[in-house]
1. Report, to the nearest whole %, how much of the accessible area of the chain belongs to carbon and sulfur atoms, 1.4 Å probe, protein only.
2. I'd like the distance between the alpha-carbon centres of region 301-315 and region 148-221, rounded to an integer number of Å.
3. Based on Cβ point charges of +1 for Lys and Arg and -1 for Asp and Glu, what charge dipole magnitude is obtained for the chain about its Cα centre, in debye rounded to the nearest 20?
4. Quick one: among Ser45, Ser303, Ser154, which has the greatest mean-square fluctuation in a GNM of the chain with alpha-carbon springs under 10 angstrom?
5. Quick one: among Ser88, Ser238, Ser348, which has the greatest mean-square fluctuation in a GNM of the chain with alpha-carbon springs under 10 angstrom?
6. Principal axes first, then extents: for the Cα atoms of the chain, list largest minus smallest coordinate on each axis, whole Å, largest first.
7. What's the percent breakdown of Cα-Cα distances in region 294-350 across 5 Å bins, shortest bin first?
8. As I understand it, the dipole of the chain uses +1 on the Cβ of Lys and Arg and -1 on the Cβ of Asp and Glu, about the Cα centre. Which of Ala325, Thr50, Thr127 lies farthest toward its positive end?
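The values are calculated or read from the model by the stated rules, or taken from the named source; none is laboratory data. Predicted, not measured: the structure shown is a model, and the values here were computed from it. Glycine gets a Cβ as well: all are built from the backbone with ideal geometry, and neighbour counts include every protein chain shown. Surface areas here come from the heavy atoms of the whole protein model, side chains and all, with no ligands, DNA or RNA. Shrake-Rupley method; radii C 1.70, N 1.55, O 1.52, S 1.80 Å.
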Amino acid sequence: MSQPLSARLLQALFACTMLLANAAEAAEKLANVTILATGGTIAGSGATSTTTVGYTAATVGVDRLIQAVPELAKVAHVKGEQVFQIASENMSNEHWLTLAKRVNTLLAQPDVDGIVITHGTDTLEETAYFLDLVVKSTKPVVLVGAMRPGTALSADGPINLYNAVLLAASQDAIGKGVLVALNDQIHAARDVTKTNTSTLDSFKTPELGMLGYIQGNKPYFYHVSARKHTVDTEFDISKLDALPQVDIVYGYANMGPAALNAVVAAGAKGVIHAGVGDGSLAGKVVPALKAARQQGVLIVRASRVGQGIVARNGEANDDELDFVAADTLNPQKARILLMLALTRSSDSKEIQRMFYRY
């Protein structure tokens, strides 16, 4: 015998109420993610849909970036904040300090579960490593960019942003250090680098390997970085308004001391020597390097090769010269660690310890 119409209506009403309640409960469980926008190609625009080079970076604000990806609402409660609006080749130490302090302030708030930072790809790896050393939280921080402006055919910015928010909202990303998410891949800030001027798969972690993938709306981690980061570092930028000047001098055939002497004369407190091979030093430059060290300038031997360990006392007697070996850090990341190291110590042995720790 069929139920009366009124009973069926009550059942249908109850079912709808339960569906709404479940939907509301699911929405409440979504993580709170703040997007800090700094500009870059992901916020860029071109003259036509086929303009993938020669476009203008940093023209689109954070609100429009969020509006362009309405699917973000399904994975997190998202808020946006425009911190800078620059092309990333213009990123400076002062920008880094401002950004890091804002990140730490936000992560200290109980209603912020993770942060996504949109960034130009040219210096994205440097900003990521700086934050990896100075962020004081285990909550996820994810940097994301794009290789094509949003106006281009097959623009990669929207899906990269979606994946970055998904990652920042994930419990699996907690305690993994600062992460970089592009091209459906997850990389550690310390080891990732830009390897191509224009292709979508530019960001890679040579030799040491990426941390995982983002697929089917879920991050998959396969390994983590063994080096200390975030809450386990000794660096505190909360009261800093400037960083020590550290410059990079590039090695090449027939290299002379002119560039090194220029940066020392300009006030460098540290120099990264991006040597050939295993951080080799040209004979013409060694006297100038010795003189700089005697003046108190910290010298770090790195390599322009891009992969491998720079062996201490390998291509130079670092103990005798009182130099530091960069380990596996590329020159641009060695510069970041040396700047922060110099805020803690001027002793080369102590700084060498930091290079092996971080």
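1. Values: 8650 of 16250 Å².
Exposed carbon and sulfur together represent 53 percent of the surface.
2. 27
3. Values: 31 positive and 33 negative charges, 26 e Å.
That gives a dipole near 120 debye.
4. Ser154
5. Ser238
6. Ordered largest first, the chain gives principal extents of 100, 45, 35 Å.
7. 4, 20, 29, 26, 17, 4, 0
8. Thr127
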